[in-house]
1. What number of residues within the range 1-31 are surrounded by 12 or more Cβ atoms within 10 Å (Cβ to Cβ), within 16 Å of residue 85 (Cβ to Cβ) and of a type in the set (A, V, I, L, M)?
2. Sort through 106, 61 and tell me the only one that's in a helix (DSSP H, G or I), within 22 Å of residue 121 (Cα to Cα) and among the β-branched types (Val, Ile, Thr).
3. From the list 5, 24, pick out the single residue that is of a type outside the set (S, T, N, Q), closer than 16 Å to residue 90 by Cβ and not in a strand (DSSP E or B).
4. Within the range 98-121, can you find the residues that are free of Cβ contacts under 8 Å to residues at least 60 places away in the same chain and closer than 19 Å to residue 48 by Cα?
Amino acid sequence: MAAERLRAMCLGFNGAVEEFPFGRAPDLSTFKVGGKIFAISTLTDPAPLRVSLKCDPELAIRLRADHPAIIPGYHLNKRHWNTVTLDGSLPEPMVRDLIEDSYDLIVAALPKLQRLKLDWPGTREQAED
């Protein structure tokens, strides 16, 4: 997967923005929604690209067991983050689903007003709190 394709996927969600908050790593892209990170990648590194994504802890374990391209989050909380190597071994729709799951986990934790502004189609239970 090319860097521009990954960037487009991450920025394709409502309210998603790209920022470079780490002074020591100016080429480290962070993709945020509501001020919270849902994806991290160094888009300037040579192939294969890697992206770190938030993940439900139980799902993270299953994904790591089933896919060698998915490992515990590099320099992140390994319970909640996976690093995905985009070497072509995972189908692109799966990568997009992993990014969307990460985005959804972040949005679900945002205050109700922020979720409404994002027009997020989360579950009814999350929208009613």
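Read-outs throughout are calculated quantities, based only on the coordinates presented, and are distinct from any laboratory measurement. Everything numeric in this text was worked out from a predicted model, so none of it was measured. Note that we place each Cβ from the backbone using ideal geometry, even for glycine, and neighbour counts take in every protein chain shown.
1. Of the residues in the range 1-31, 4 are surrounded by 12 or more Cβ atoms within 10 Å (Cβ to Cβ), within 16 Å of residue 85 (Cβ to Cβ) and of a type in the set (A, V, I, L, M).
2. Exactly one residue qualifies, and that residue is 106.
3. 5
4. Within the range 98-121, just 98 meets the criteria.
Table: residues versus (1) buried (at least 17 other Cβ atoms within 10 Å of the Cβ); (2) within 15 Å of the chain's Cα centre (by Cα); (3) closer than 18 Å to residue 1 by Cα; (4) in contact (Cβ under 8 Å) with a residue 60 or more places away in the chain.
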position	(1), (2), (3), (4)
33	yes, yes, no, yes
44	no, no, yes, no
49	yes, yes, yes, no
53	yes, yes, yes, no
74	no, yes, no, no
88	no, no, yes, yes
